[in-house]
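Only one structure is covered here, and it is reproduced in the block below.
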Amino acid sequence: MTRLDTFKALTREIGGIRKPLLVLALFKLWNLVCGLIPLFLYSLLVKQVLVDKHLNELWPVLAGYLAVFLLTTIGIAVSQRFSNQLILKYDLRLKHKLLNKLLRLDHEVYSTYSMGDVKSRIEQDAAVAGKFFMTHILDYSYAVVYAGALAIILLCYDWKIALLSFVFVPVSLYTVNFLGERTRKAGEELWKLQNQYESFLHSNLQNWKDIKTNNLEEAQLAELNGHYKKIRPVWFRNQLYLHLGISYSFFTKNFITQLFIYFIGGIFVIQGYSQVGVLLVFISFYGQFFGFIERISNSLMNYKNDSVNISKVIGLLHAEADKRPYKRISGMDIDVQNLQFRYEGNDSFALEGISFSVSRGEHLAITGQSGSGKSTLAKLLTGQRKPQGGKVSIGGIDLAEVNGESVSGKVSIVVQEPVLFNMTIRENLLLAKAGATEAELIACCRRASIYEWIESLEHQLDTRIGEKGVKLSGGQKQRLSIARVLLQDRDIIIFDESTSALDHGNESDIITELQSLSSGKTMISIAHRLSTIQGCDKVMVLQAGRVVAYDTHTNLFTRNEAYDMLFQSQYVYMNQAN
Ligand SMILES: Nc1ncnc2c1ncn2[C@@H]1O[C@H](COP(=O)(O)OP(=O)(O)OP(=O)(O)O)[C@@H](O)[C@H]1O
């Protein structure tokens, strides 16, 4: 992507940057003018004072230097403050935009990203893209304009030496561009490897406890070494090309061009085509000129390297959003017709020919052996996945035709391992309903059989629960997430193994509470436990992605052999317990 394309893409996505950039460009122009004046003062100093010995011109020259110094300092200080403010504002805006985009992505698009990929785009890549406007637009343009102004001055001073010395400019830029392309290619490879490493690190930190309990420390360290072994040579290659390019432009500036000027300039002076004073001033101007050519070269190198990260940010900003319309779903009946679903890359269907319906006030239980497709069905019912065949409708609206927010506004799901945040119990609950009153919070906690425990805590609802609710037991997490869903009060609630970690007593309290709810709602419980299922209106049994039984619990229990087998051991246990 060229600089201009990148500029257009970033400004299109994050507005309001063009005007402040223009102000900063004016400051740069100020600095440019302040930077050119000393060159004329220097030329006066050499020609008038040193060569022609007009000592009385020394004082105006010194006063001029002082004034330029003051003006430059003011210009730099003000523009620095302004640019720092702008960088911070832009950086935050970019991150906000990226996170907003990520959170609103379609489930299926999001599942194509790895954790390391997503993390890099929001952190490292966004930081690189954040400095794009300052370094790759303003600083670069400043160097180009300054170098152009100096080239004109050099031509005016001595066009013969100037034209000869300009030969080095395209040679230098071509070589740097060549090395820059190699830096970019190595950078692309490095980015992929670093993301794999980031994903590894993320899952390592997330599963810290399991790694220790299962004595996997050595295996994890070996994997870390594996990542380093892959990253190291690519990183060296990337840095080698980058620094080769930077060193090359430094070498060209400081040795080849200067020696050339001394050599050619010396010959010109000896032959009488030029004078010593003119040559001295020319060399000083030329030093500055090639200093800016060096800055342009370095910028070319760095842009090639940074373009890897910037393109990833732009890629995410342009990622396909869920373009389906938002529709308010008013009905509460679920209707599933001949559903077919296969995960990408899998040969067999996870769900095949599934048809059923659940009306308002009904509570359907879905059961079946592990891997039979229960959670996959829950994903389709909540619009997280789209079927390859058939359809899921709620209130007569096909979920494939509306966006994710239409469905999440209608359906809540409680999962086996709920997502809780490192905040207080109250704050976790308020995520479901921002303005909920104290009485509402307490009522929902009571219905989820967790209020008694909350009351026993020193800070009660204001107790912090640790990262991912680490200070809670599995059952407490499940009850808290049920309380949150009850507070959210959606019309349709799906419980996916959401009471699996509870003891019999707590589970039956919650189930009684849920049964009392079901008259005004549509509910689906996915469960292995007979105790969860037997109070539901109907039970659907899945086997290898197909419905093998669909009836009331009593009918199935007396007439269906497969169903009987599935629960025989639990039934014996429950009878004993009773
Ligand atoms: N993200 C995925 N990618 C590919 N295959 C998947 C994915 N998730 C599940 N599957 C496969 O789909 C099938 C159904 O899985 P699903 O999680 O729906 O089963 P389940 O009945 O909920 O199992 P369990 O009771 O163990 O939770 C399984 O064969 C599983 O391997």
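Every number in this text was worked out from the coordinates using simple rules, so none of it is lab data. Computed from a prediction, not measured in an experiment: that's the story for all the values here. For neighbour counting, all protein chains shown are included, and Cβ atoms are generated from backbone atoms with ideal geometry for every residue, glycine included.
Structure values in brief
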| quantity | calculated |
| --- | --- |
| Antiparallel %, DSSP beta bridges [both residues in segment 334-577], to 5 | 50 |
| Set K327/K374; K119/K323; K8/K391; K8/K160 screened for pairs whose C-alpha atoms are more than 29 Å apart | K8/K391; K8/K160 |
| Longest exposed-site-free window of the chain, the sites being trypsin sites (Lys or Arg not before Pro) in a DSSP loop that have at most 11 other C-beta atoms within 10 Å | 54-322 |
| Residues whose placed amide H lies under 5 Å from that of I413, excluding near-sequence neighbours | I494 |
| For Y550, distant residues with modelled amide H under 5 Å away | V541 |
| Positive-end extreme of charge dipole, the chain - chosen from H136, L98, N238 (charges on Cβ) | H136 |
| Relative contact order of the chain, defined on C-alpha pairs under 8 angstrom at six or more residues apart (%) | 14 |
| The chain: antiparallel DSSP beta bridges as a percent of all, rounded to 5 | 55 |
| Alpha-carbon centroids, segment 251-323 and segment 339-368: separation in whole Å | 65 |
| Residue-wise HN-Hα coupling along segment 330-342, computed from phi with Karplus coefficients 6.51, -1.76, 1.60 (Hz; x: Gly, Pro) | 9, x, 10, 8, 9, 10, 10, 10, 6, 6, 10, 8, 9 |
| L105 long-range amide H proximity, modeled H, under 5 Å | none |
| Lysines with Cα under 17 Å of K521, excluding same-chain neighbours fewer than 8 positions away | K410, K538 |
| Residues T382, T11, sorted so that the one with the fewest Cβ neighbours within 10 Å comes first | T11, T382 |
| Cα lying deepest toward the dipole's positive end in the chain, options G265, V411, G287, charges on Cβ | G265 |
| Viscosity 1.567 mPa s, 4 °C: Kirkwood-radius Stokes-Einstein D of segment 196-350 over Cα pairs, µm²/s | 55 |
| Those aspartates and glutamates that a straight Cα-Cα span of less than 20 Å connects to K47, excepting residues fewer than 8 apart in one chain | E57, D158 |
| Residues of type aspartates and glutamates that K229 reaches as a straight line, Cα spacing below 16 Å, ignoring anything fewer than 8 places off in the same chain | E189, E198 |
| 3J(HN,Hα) from dihedral phi, segment 82-87, Karplus parametrisation 6.51/-1.76/1.60, rounded to Hz, x for glycine, proline | 4, 5, 4, 4, 5, 4 |
| Relative contact order for segment 334-577, counting Cα pairs under 8 Å that sit 6 or more residues apart, in percent | 27 |
| Where N is the number of residues in segment 3-317, Cα Rg divided by 2.2 N^0.38 Å | 1.30 |
| Percent breakdown of C-alpha pair distances by 5 Å bin, ordered from the shortest bin, for segment 192-244 | 4, 18, 23, 19, 13, 10, 6, 4, 2, 0 |
| Between segment 548-563 and segment 185-202, the alpha-carbon center distance in angstrom | 52 |
| Dipole moment magnitude, nearest 20 debye, segment 3-317 about Cα centre, only Lys, Arg, Asp, Glu C-beta charged | 460 |
| Cα-centre dipole for segment 334-577 with unit charges at Cβ (Lys and Arg positive, Asp and Glu negative), debye to 20 | 300 |
| Zero-based 5 Å bins, Cα pair distances in segment 397-442, whole percents | 5, 16, 20, 20, 19, 12, 7, 3 |
| Point-charge dipole on Cβ atoms (K/R +1, D/E -1) for the chain, about Cα centre, debye to 20 | 2020 |
| Segment 3-317, relative contact order in percent, only Cα pairs under 8 angstrom and at least six apart counted | 30 |
| Rg over Rh [alpha-carbon atoms, Kirkwood Rh] for the chain | 1.17 |
| Net charge of Cβ neighbours under 10 Å - reference G16; Lys, Arg +1; Asp, Glu -1 | +4 |
| Neighbour net charge for S274 - beta-carbon separation under 14 angstrom, K R +1, D E -1 | +1 |
| HN-Hα J in Hz across segment 381-387 - Karplus 6.51, -1.76, 1.60, θ = phi - 60°, x for Gly and Pro | 6, 9, x, 6, 10, 9, x |
| Convex hull per residue volume in Å³, alpha carbons only, for segment 1-85 | 100 |
| Formal net charge of residues neighbouring V541 (Cβ-Cβ distance under 13 Å; K, R +1; D, E -1) | +1 |
| Descending Cα extents along the principal axes, segment 334-577, whole Å | 52, 49, 35 |
| Shape metrics for segment 236-306, restricted to C-alpha atoms - Rg then Dmax, Å | 15.8, 51 |
| Cα centroid separation, segment 524-540 to segment 438-465 (Å) | 27 |
| Longest site-free stretch - the chain; sites: GluC sites (Glu not before Pro), DSSP loop, at most 13 other Cβ within 10 Å | 1-319 |
